[in-house]
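Below is one structure, written out as structure tokens, with a few remarks after it.
The values are calculated or read from the model by the stated rules, or taken from the named source; none is laboratory data. These numbers come from a predicted model, not from an experiment. Note that we place each Cβ from the backbone using ideal geometry, even for glycine, and neighbour counts take in every protein chain shown.
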């Protein structure tokens, strides 16, 4: 049986395509249209982002329990939150692939392509949604990044808004992009305020709220779910970029981000000295030293995260005081000519071995960097994939520029890392087979 790869595009409608592999290509087609969804609001809605997930039902229990096994603030290591709730929302079809889409109206639609249905709609954002991303360890937890300056965590099974990230020390403008670390412990957000923030997801209060969200049923409870408000990120910095930050991804304990500056930046929150301090705290976890205990609590995913607030007298505090200054360590920057247009997204393959980025100005092309060669970072040159417009040789855009100068807005690798899909202005869809 031949393997098929599906992907979705969005604008006024959400369109789902199938990528044909070498074994099942036919009629000289390598991309086939499968389905098309339109919003009930018609042309009033415009979709900006999408994300795939799967309701794995039985396996979700082990996934969530693993996610909940965290140390609390007192250093206790116990399973405080009980077992995964057995009850489920029947609106979510079990063992089906799901697609979340969102955009201009700030409403998240959960689609089930196999049943051609929209079982769940989530509303809560005050303005448009720029990005959505599912939790890497639990497929029913969804993060949305919005123009209303906040990030929200949803439980799509029970339609519960679990947590709002933003407020006092949140973003001051649109949140354009974000990512969740593979461990599920850290949330990354980037926005129009030139700021990148890191939020913790492994706190006992948030873990308990996630657990309780699976047991909540709005029909049986007249009281709204008590959504958590998280005002203070663990890390915040404006030192990396001087313009809109339209894409940021975790790369292990490092961050890869870009702005409208013709370059992609590899950096790490904090200083390199803090990395060694955090490692020492991990190695000496049995020590009775208070310094080590404080270090262990702030050392997450090989990152040293300082106290959220600093009291005026210099002693660390979590609630009152002034924000702690956060420093960054820029490791390397790679040049990306023609990428000075904002809202251009790069992508990493599943194994973090390749980085791909489309151009925004000039002739349409896609850069692909081999991250296995980071030992030669200072001489790292990308593979350049030129977009072939042979079928549109005489076409032109509304501005009068040739079609060959359209921006490549989004890039996605297939899970096997061998197929690359790019979409751009004027409805262009391109496929490259990477060798």
> Can you name the residue in segment 136-147 that is modelled with pLDDT under 95, touching a strand residue (DSSP E or B) at 6+ places or on another chain (Cβ under 7 Å) and surrounded by fewer than 23 Cβ atoms within 10 Å (Cβ to Cβ) and is also farthest from residue 96 (Cα to Cα) among such residues?
Replying inline: 136
>> Give me the residue from segment 194-242 that is more than 20 Å from residue 154 (Cβ to Cβ), touching a residue at least 12 places away in the same chain (Cβ under 8 Å) and out of contact with any strand residue (DSSP E or B) (no Cβ under 9 Å at 6 or more places or on another chain) and, out of that set, surrounded by the most Cβ atoms within 10 Å (Cβ to Cβ).
In response: 194
>> Please count how many residues of segment 160-171 are surrounded by fewer than 21 Cβ atoms within 10 Å (Cβ to Cβ) and modelled with pLDDT under 95.
In response: 3
>> So, residue 172, is that one without any contact (Cβ under 8 Å) to a residue 24 or more places away in the chain and either farther than 14 Å from residue 138 by Cβ or touching a helix residue (DSSP H, G or I) at 6+ places or on another chain (Cβ under 6 Å) (or both) or not?
In response: yes
> Counting only residues that are at pLDDT 90 or above, in a loop (DSSP other than H, G, I, E, B) and surrounded by 17 or more Cβ atoms within 10 Å (Cβ to Cβ), how many does segment 323-339 have?
Replying inline: 3
> When segment 394-415 is examined, which residues are found to be modelled with pLDDT under 85 and either within 26 Å of residue 136 (Cβ to Cβ) or assigned to a loop (DSSP other than H, G, I, E, B) (or both)?
Replying inline: 394, 395, 397, 398, 399, 400, 401, 406
> Failed condition for residue 287, given (1) at pLDDT below 85; (2) touching a strand residue (DSSP E or B) at 6+ places or on another chain (Cβ under 8 Å), with all others met?
Replying inline: (2)
>> Can you confirm whether residue 118 is part of a strand (DSSP E or B) and surrounded by fewer than 19 Cβ atoms within 10 Å (Cβ to Cβ)?
In response: yes
> Across segment 333-364, what is the total count of residues that are closer than 18 Å to residue 50 by Cα and either free of Cβ contacts under 8 Å to residues at least 12 places away in the same chain or over 21 Å from the mean Cα position of the chain (by Cα) (or both)?
Replying inline: 0
